[in-house]
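The values are calculated or read from the model by the stated rules, or taken from the named source; none is laboratory data. This structure is a prediction, so every number in the text was calculated from the model and none was measured. So basically every Cβ, Gly included, is an ideal-geometry build from the backbone, and we count neighbours across all protein chains shown. Only protein heavy atoms, including side chains, enter the accessible area calculation; ligands, DNA and RNA are left aside. Shrake-Rupley method; radii C 1.70, N 1.55, O 1.52, S 1.80 Å.
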Amino acid sequence: MCGIVGAVAINNVVPILLEGLQRLEYRGYDSAGLVVSHEGLQRLRTTGRVLELQKLAETQQVHGYAGIAHTRWATHGAPSERNAHPHFSGSKEQNSRIAVVHNGIIENYESMRERLQNEGYWFVSDTDTEAIAHLVASNLKKIPDLLEAVCASIAELRGAFAIAVMEETRPDKIVVARNGAPLLLGLGASGNYAASDVSALLKATKNMIYLEDGDVAELTNIGYRIVNCQQGEAVHQVERTVHETQLSSEAIELGPYAHYMQKEIFEQPSAVANTLEMVLNAQSISPNLFGSEAENIFAQTRSILILACGTSYHAGLVARYWLETVAGLPCNVEIASEYRYRDPIADAGTLVVSISQSGETADTLAAMNYAKQLGHPYSLAICNVAESALIRQADLRFLTRAGPEIGVASTKAFTTQLASLLLLTATLAKMRQKLSTETELRIIADLRHLPVAIQHALQVEPQVKAWAKSFAQKRHALFLGRGVHYPIAMEGALKLKEISYIHAEAYAAGELKHGPLALVDSEMPVVAIAPNDQLLGKLKSNLQEVHARGGELYVFADADAQITPGENLHVIRLLEHGGLLSPILHTIPLQLLAYHVALERGTDVDKPRNLAKAVTVE
Ligand code: M6R
């Protein structure tokens, strides 16, 4: 993970580097650092957050016209100042240092380190990044141009990474390279920039170039040049399209909210409305929503394989129920990191659907490519980031228009993924003649109503907040659901553990008596998702089993589910019955529960420990 920023401008770049790092902090926040060139390379590093780095920069009055900066999610080496980026090679005395920041993993760093140590380079950190700095320094001895030396260096490195490099003797330029990890350039009136994602540069420019794998770019304050150094090919200069980003800097401001997670929970009505915009005014569902090739590809689709991680995987699990029930399509849902190392049997009639908020999750990307290699001809990406690798690599695509999701805990990305997956289900069902016009119109009407229904679901917040007080004292929790709501229980448990650090597990309620019931006592809160569907009767029996053993039940029920509150049985009713959309509506109170419990416990809601937003490493 990690976030990197680089800038060369006609004015001091420290503010833009710090602003960029703040925007990228969601990618990792174990330490932060920067280097600017001002009478040599000036370096600042801290194990604190970017705010700490900003204070250091102010007190030490650091400034310069070119610089690179980094916010870290530790992979090689503990979070410490010694391991914080930028890393140097070379000597201060001779003014000959190379500085490097890096996002990703260098897989051959051990052999590289050994080789460079044999060449006489001295390592002072435990990181793989330091090997890059020494490698570039070593290549510079043979190839005096920094861009060309970086090209030669990346040809020797294995793994997925993005780097930015500065040379002490050339304070007027930076060189950046992309190989499997996101990196873009920003072209501005007062300078040129590079960053891991667009949000980092919005204050400086809207004109972006998305680099491709093997691209190495040299930036000065008046221009840039890009070459491509793919392994096995001759180095050649390339032109890349300049895009004007539609993202506004307001979209990434916190506004009146206390946390991004809170903002993003409450943005869900508009996020879903934006995602479904093309459908909301339509009278029928069309495969073209998924790309011009969709009709042809969907006509050949006999089954679905969903690949995703974390919350996106939970969205896939919900979709399986919909695809089987509404579209009559067999569906497998696989954790991407597991799928990519199995030997599954490919089927040419299977459409591979990858789901990802970021579109940069390394496991999901690798699993999608692996599925293709195995012989699955077509893929569809459901993703929230238009310029992401996932979107670029898939044959078909559907963009969830949730807007930037900054809180590490995924909220609006999940509900917009679910809305998209329901749309996909209806489209496939229609093409397979499984959808009567009446049902199609009902699904469109339900989707049209969804933003309002979510608004209603948000109204239970005061009741959830009241529960959060006692919940926050607990050390463990169980989440129960049945059928299509079982993945919603899984998502509720993930949200709670991720941001409140309470250990939470989800079970299909029918599984309780096969083992987990042994955990139930008065100290174990049990959260149940209890919509009024055909499984409610069975779920109620499961709840009785908990109640009889002294467990304390917290039940989220539909407006019309007959569950009466009593001793150790707390009930919150949603304002409406969700029907097909019920999993989406039942997600909302679970997000609120996790959020308020985390507030009670005083955790860092948007940046929970040990995690990062975009998981771009294996
Ligand atoms: O960007 P992606 O949707 O591919 O990310 C997948 C997971 O890393 C992500 O959903 C993670 O589980 C969330 N932090 C959960 O809230």
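The single condition among (1) open to solvent by 70 Å² or more (accessible area, probe 1.4 Å); (2) in contact with a helix residue (DSSP H, G or I) (Cβ under 9 Å, 6 or more places away or on another chain); (3) not acidic (Asp, Glu) that VAL520 does not meet is (1).
Considering every residue within the stretch 407-419, establish whether at least one is more than 16 Å from the ligand (Cβ to nearest atom), of a type in the set (A, V, I, L, M, F, W, C) and touching a residue at least 60 places away in the same chain (Cβ under 8 Å). Before the answer, list the steps.
First pass over the stretch 407-419, keeping only residues more than 16 Å from the ligand (Cβ to nearest atom): none.
Among the residues of the stretch 407-419, not one is more than 16 Å from the ligand (Cβ to nearest atom), of a type in the set (A, V, I, L, M, F, W, C) and touching a residue at least 60 places away in the same chain (Cβ under 8 Å), which makes the answer no.
Candidates SER312, SER356, SER337: the one that is modelled with pLDDT of 95 or more, of a type in the set (Gly, Ala, Ser) and touching a Cys at 6+ places or on another chain (Cβ under 6 Å) is SER356.
Looking only at residues of the stretch 588-611 that are over 17 Å from LYS412 (Cα atoms), within 14 Å of the ligand (Cβ to nearest atom) and among the hydrophobic types (A, V, I, L, M, F, W, C), we find that the one that is most open to solvent (accessible area, probe 1.4 Å) is LEU611.
Residues checked against (1) touching a residue at least 40 places away in the same chain (Cβ under 8 Å); (2) open to solvent by 50 Å² or more (accessible area, probe 1.4 Å); (3) within 23 Å of the chain's Cα centre (by Cα); (4) within 16 Å of the ligand (Cβ to nearest atom):
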position	(1), (2), (3), (4)
TYR378	yes, yes, no, no
ILE391	no, no, yes, yes
THR400	yes, no, yes, yes
LEU423	yes, no, yes, no
THR427	yes, no, no, no
ARG432	yes, yes, no, no
SER436	no, yes, no, no
GLU440	yes, no, no, no
ILE454	yes, no, yes, no
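Criterion applied to LEU539, LEU512 was being touching an Asp or Glu at 6+ places or on another chain (Cβ under 8 Å), at pLDDT below 95, over 30 Å from ASP30 (Cβ atoms) and assigned by TED's automatic domain parsing to the domain that holds PHE479, and the one residue passing it is LEU512. The residue list MET208, MET261 contains one member that is crowded, with 18+ Cβ neighbours inside 10 Å, under 22 Å from the mean Cα position of the chain (by Cα) and closer than 27 Å to ILE10 by Cα, which is MET208.
Taking the criterion of being more than 17 Å from ALA509 (Cα to Cα) and touching a strand residue (DSSP E or B) at 6+ places or on another chain (Cβ under 7 Å), the only residue of the stretch 575-594 that qualifies is PRO589. Look through ALA32, ALA78, ALA69, ALA7 and report the one residue that is closer than 26 Å to ALA160 by Cβ, open to solvent by 10 Å² or more (accessible area, probe 1.4 Å) and among the small types (Gly, Ala, Ser). Every option except ALA78 fails the conditions.
Filter the stretch 542-565 down to the residues that are hydroxyl-bearing (Ser, Thr, Tyr) and open to solvent by less than 40 Å² (accessible area, probe 1.4 Å) and list them by number. Before the answer, list the steps.
Taking the stretch 542-565 as the starting set, the residues that turn out to be hydroxyl-bearing (Ser, Thr, Tyr) are 554, 564.
Scanning the stretch 542-565 gives a single hit, TYR554.
Summed over the stretch 495-515, the residues that are of a type outside the set (D, E, K, R), in a helix (DSSP H, G or I) and farther than 21 Å from LEU539 by Cα give a count of 3.
Restricting attention to the stretch 67-112, the residues that are farther than 19 Å from ARG43 by Cβ and part of a loop (DSSP other than H, G, I, E, B) add up to 8.
For the structure I just gave you, tell me whether GLU618 is under 30 Å from ILE444 (Cα atoms), within 35 Å of the chain's Cα centre (by Cα), among the acidic types (Asp, Glu) and at pLDDT below 90. Here the answer is no, as GLU618 does not meet what is asked.
Consider the stretch 464-481 and keep the residues that are open to solvent by less than 40 Å² (accessible area, probe 1.4 Å) and outside any helix (DSSP H, G or I). The one that is nearest to the ligand (Cβ to nearest atom) is PHE479. Look through the stretch 304-323, keep the residues that are assigned to a helix (DSSP H, G or I), open to solvent by less than 40 Å² (accessible area, probe 1.4 Å) and more than 16 Å from the ligand (Cβ to nearest atom), and return whichever of them is farthest from ILE488 (Cα to Cα). By that ranking, first place goes to LEU323.
Got a sec? Which of PRO144, PRO182 is assigned to a loop (DSSP other than H, G, I, E, B) and either crowded, with 19+ Cβ neighbours inside 10 Å or among the β-branched types (Val, Ile, Thr) (or both)?
On the way: PRO144 fails: either crowded, with 19+ Cβ neighbours inside 10 Å or among the β-branched types (Val, Ile, Thr) (or both).
From the options PRO144, PRO182, the qualifying one is PRO182.
Taken over the stretch 324-358, the criterion of being assigned to a loop (DSSP other than H, G, I, E, B) and within 16 Å of the ligand (Cβ to nearest atom) is satisfied by ARG340, GLN357, SER358. Scanning the stretch 442-452 for residues that are without any contact (Cβ under 8 Å) to a residue 24 or more places away in the chain and open to solvent by less than 60 Å² (accessible area, probe 1.4 Å) yields a single hit, ALA445.
Could you list all residues from the stretch 482-495 that are crowded, with 24+ Cβ neighbours inside 10 Å and either within 16 Å of the ligand (Cβ to nearest atom) or modelled with pLDDT under 95 (or both)?
Pass one, the stretch 482-495, residues crowded, with 24+ Cβ neighbours inside 10 Å: 485-489, 491-493, 495.
Passing the criteria: PRO487, ILE488, ALA489, GLU491, GLY492, ALA493, LYS495.
Please verify whether THR587 is in a loop (DSSP other than H, G, I, E, B) and of a type in the set (S, T, N, Q), treating the condition exactly as stated. Criteria not met by THR587.
The set of residues in the stretch 241-258 that are open to solvent by less than 50 Å² (accessible area, probe 1.4 Å) and touching a strand residue (DSSP E or B) at 6+ places or on another chain (Cβ under 6 Å) contains only THR245. Taken over the stretch 113-126, residues that are under 17 Å from ILE154 (Cα atoms), of a type outside the set (D, E, K, R) and either assigned to a loop (DSSP other than H, G, I, E, B) or free of Cβ contacts under 8 Å to residues at least 12 places away in the same chain (or both) amount to 0. In the stretch 359-376, of all residues being among the hydroxyl-bearing types (Ser, Thr, Tyr) and part of a helix (DSSP H, G or I), the one that is farthest from the ligand (Cβ to nearest atom) corresponds to TYR370. The sole residue among GLU545, GLU523, GLU498, GLU552 that is under 31 Å from the mean Cα position of the chain (by Cα) and farther than 17 Å from VAL460 by Cβ is GLU498.
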